[in-house]
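Below is one structure, written out as structure tokens; the observations come after it.
The values are calculated or read from the model by the stated rules, or taken from the named source; none is laboratory data. Owing to the predicted nature of the structure, the values given are computational and were not obtained by experimental measurement. Cβ placement follows ideal geometry from the backbone for every residue including glycine, while neighbour counts extend to all protein chains displayed.
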Amino acid sequence: MTTILERGNKMTTKKAVHGAFNFIGGKWGRSSKGGSFENINPATEEVIDFYPDSTAEDVDRAVQFARKAFHSWRKVPVAKRGEILLKAMQILAAKKEEISRAQTKEMGKILKETRGDVQEAIDTAFYYAGEGRRLFGQTTTSELPNKFSMSVRMPVGICGLITPWNFPTAIPSWKIFPALICGNTLILKPASDTPESAVHLVRALEEAGVPPGVVNLVHGRGSTAGKYLLEHPDVNLISFTGSSFVGSQIGASCGKAFKKCNLELGGKNAQIVMEDAKLDLAIEGALWGAFGTAGQRCTATSRVLVHEKVFKEFEERFVERVKRIKVGNGLEESTEMGPMINRSQLKKVQEYVEIGKHKDRAKLLAGGERYTEGECGKGFFFKPTVFEGTSKMRISQEEIFGPVAVLIRVKSFEESMEVLNSTVYGLSGSIYTQDVNRVMRAIQDMETGITYINAPTIGAEVHLPFGGVKQTGNGHREAGTTALEIFSEWKAVYVDYSGTLQRAQIDTHDGDKNS
Ligand code: UN1
């Protein structure tokens, strides 16, 4: 039996049953057993609403509807499917502000960022609507005469999408839109910390004309609803974004059941600052990379590797700037950083800070504690934290997923590459330098799926591959045309119009008997 834990879980199952927020077979409804869980605003700890704590029966119904809808949806011309995506894009664009505000309320990140999150879903819908007009395969030659060969993309079938709370609109959209354009039907199980964002996204798809059963939404816990979806025998594909710990259990379960599986997992991303870097730019980059989304990004900058020649200046200026970050409720336009998603995530960050201070014996330069009074005294706020440490420390090796950056001194470009590559993860890396040779060597030597030059470790765009190497994933890439590889299966097609039996690898064609 697998145990599916979520990255953080503020959920407590309560009897109060408010909204009809599951969407199964084209109808909004509650869980069959009527259980529900709280959606909490992490900045105020207030309950926003209650969502269905779905059961195995709910998941099974959703899968049955998805299976039924698959037979017709896969045959809808892809241009028509693209039109529906475009409509969904327009609806999301029209509701961008409303959805962004709802997202800030339930997730905590600042409005500027939730607007970016919703924009990313809009871009993704637009991009895959266009990809539908391509979905290119190959037409190629045959080794035999009067025979035509090509390859075409086919849908995979029923997709189970299990998504995280840190990008509650964008990440589901990375999975939903390519899945739909390829002709799949799906069940989305969004993170229990951010259920409302998923409702907005699914409503946009419903309004855009997605037929009943094609998109289903089932709320609940990873350990129950997520697990049922993962283990349901009629689900053909699982796409999961979350921690490497959970990802490895999901991968093992899919492996046993021969399910296609795409995993986007953890990171311990580093920004390198060479001695010739433009320091102003490098400081701004590290600030944004480390404390954007309060560090709750897979691509967050959790290590800054600074050349010893500029270390002191960088450290002083960076720390001074970090201490001035305006922390507060993300709904205020002037706020620069919001809270942690939930109490358990806050606790995890606190624990890592203790490890940093007492076990690793790193030097604490800023932050290191939660707020006890003022506006941030309530809610799951933690002070932006900076350590000076070394590469082998636990705080330099393990994913914290919070506003904690470790500055590490390096002596050379070579050492910076070695340190950058010295973790089990390989998602994103960045280097600030003016030296073109180092730039090219960094592109070559960083063991990451994403490499930035003179830019922070965050900020991927939707038309390029997103994902990483090592324990960051299982070799797939979301976004761009690479997501089509996840959500479609290749079929090779041979059309023999010779009227005779032609045997590949056996018949030799010296004459023209078949022409
Ligand atoms: C994440 O890091 O968890 O690349 C997702 C970015 C965003 C997506 C990040 N477009 O920063």
Mind checking whether some residue in the range 426-437 is over 17 Å from residue 300 (Cα atoms), in the same structural domain as residue 362 (by TED's automatic domain parsing), in contact (Cβ under 8 Å) with a residue 24 or more places away in the chain and not β-branched (Val, Ile, Thr)? yes
Among the residues of the range 275-300, count how many are more than 16 Å from residue 330 (Cα to Cα), within 14 Å of the ligand (Cβ to nearest atom) and in a loop (DSSP other than H, G, I, E, B). 4
Residue pairs, Cβ under 8 Å, 6 or more apart or interchain, first in the range 49-67 and over 23 Å from residue 106 (Cβ atoms) and touching a residue at least 60 places away in the same chain (Cβ under 8 Å), second in a loop (DSSP other than H, G, I, E, B) and among the hydrophobic types (A, V, I, L, M, F, W, C). List them. 63/235; 66/214
Go through the range 248-282 and give me each residue that's within 19 Å of residue 396 (Cα to Cα) and of a type in the set (Val, Ile, Thr). 272, 273
Which of the residues that make up the range 464-492 are loosely packed, with under 15 Cβ neighbours inside 10 Å and either within 12 Å of the chain's Cα centre (by Cα) or closer than 13 Å to residue 128 by Cα (or both)? 464
Per-region count, the range 301-317, residues away from the ligand (no atom under 16 Å from the Cβ) and either in contact (Cβ under 8 Å) with a residue 40 or more places away in the chain or in contact with a strand residue (DSSP E or B) (Cβ under 6 Å, 6 or more places away or on another chain) (or both): 8
How many residues, within the range 69-104, are among the β-branched types (Val, Ile, Thr), in a helix (DSSP H, G or I) and under 23 Å from residue 158 (Cβ atoms)? 2
Please verify whether the range 366-380 includes one or more residues that are of a type in the set (Phe, Trp, Tyr) and more than 16 Å from the ligand (Cβ to nearest atom). yes
I'm trying to understand the selection: among the residues of the range 290-304, which are under 15 Å from residue 420 (Cβ atoms) and of a type in the set (Lys, Arg)? 303
Residues of the range 232-274 satisfying the condition of being surrounded by fewer than 24 Cβ atoms within 10 Å (Cβ to Cβ), part of a helix (DSSP H, G or I) and in contact with a strand residue (DSSP E or B) (Cβ under 7 Å, 6 or more places away or on another chain): 247, 251, 254
Keeping to the range 200-228, report how many residues are surrounded by 24 or more Cβ atoms within 10 Å (Cβ to Cβ), of a type in the set (A, V, I, L, M) and in contact with a strand residue (DSSP E or B) (Cβ under 7 Å, 6 or more places away or on another chain). 6
Could you tell me which residue of the range 451-463 is surrounded by the fewest Cβ atoms within 10 Å (Cβ to Cβ), considering only residues that are near the ligand (Cβ under 8 Å from one of its atoms) and farther than 16 Å from residue 290 by Cα? 461
Is there a residue being within 19 Å of the chain's Cα centre (by Cα), at pLDDT 95 or above and assigned to a loop (DSSP other than H, G, I, E, B) anywhere in the range 221-230? yes
